[in-house]
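Some notes on the structure that comes next.
The values are calculated or read from the model by the stated rules, or taken from the named source; none is laboratory data. Remember, predicted model here, so these are calculated numbers, not experimental data. Counting neighbours? That spans all protein chains shown, and the Cβs are built from the backbone with ideal geometry, glycine included.
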Amino acid sequence: METELSFREKRLLEIRPTIDSEIDAALDPAMADFQLNCLRPILKFHNDFFVNLLKKKLFSQHKGWNDLNDQKKRELISSAISQNLEIKKTIEGAIIGLMVDSELEFYFQNEKEIQKRARAFLIERISRSISEKVF
């Protein structure tokens, strides 16, 4: 029996962008559904926030940022997302803060795998921003 969504949950689901993508058949069906209907829409919704967060942090840490080549920028972004505890926790909080209760429950049951996927998707998104000269 499904429970009725709270006002907060309804609003969170309404603001999420849709992702036009196929479900990855190699994934467990529950994980594939979570990735397509929760994780990727949240990352897309927060894209500008994540770009601005990383710009602020990386520009302040690397004074010659604009002189770095795209590959070095990608390496620094990957490192920051994967290893900088402050950035990791900020990103994690931004992601789970937009989850409804059932998604949050699934997240905590699969936290390590979901965090790994989130980092990989985010590194890919931010790297694409570099190529598009947004970053």
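Go through segment 76-97 residue by residue and tally those that are exposed (fewer than 12 other Cβ atoms within 10 Å of the Cβ) and acidic (Asp, Glu).
So the count comes out to 1.
All of (1) at pLDDT 90 or above; (2) surrounded by fewer than 13 Cβ atoms within 10 Å (Cβ to Cβ) hold for Gln61 with one exception: (1). The set of residues from segment 45-64 being without any contact (Cβ under 8 Å) to a residue 40 or more places away in the chain and assigned to a helix (DSSP H, G or I) comprises Asp48, Asn52, Leu53, Lys56, Lys57, Leu58, Phe59, Ser60, Gln61.
Picking from residues in segment 98-135 that are small (Gly, Ala, Ser) and under 12 Å from the mean Cα position of the chain (by Cα), the one that is surrounded by the most Cβ atoms within 10 Å (Cβ to Cβ) is Ala118. In a helix (DSSP H, G or I), out of contact with any Cys (no Cβ under 8 Å at 6 or more places or on another chain), closer than 23 Å to Glu113 by Cα and not aromatic (Phe, Trp, Tyr), is that true of Glu22? It is false that Glu22 is in a helix (DSSP H, G or I), out of contact with any Cys (no Cβ under 8 Å at 6 or more places or on another chain), closer than 23 Å to Glu113 by Cα and not aromatic (Phe, Trp, Tyr). Which one is nearest to Phe121 (Cα to Cα), of the residues in segment 9-33 that are touching a residue at least 40 places away in the same chain (Cβ under 8 Å) and over 18 Å from the mean Cα position of the chain (by Cα)? That would be Ala30.
Would you call Ile77 within 17 Å of the chain's Cα centre (by Cα), β-branched (Val, Ile, Thr) and within 26 Å of Asp101 (Cα to Cα)? No, not satisfied. Among the conditions (1) over 27 Å from Pro17 (Cα atoms); (2) touching a Ser or Thr at 6+ places or on another chain (Cβ under 9 Å), the only one that Ser79 does not satisfy is (2).
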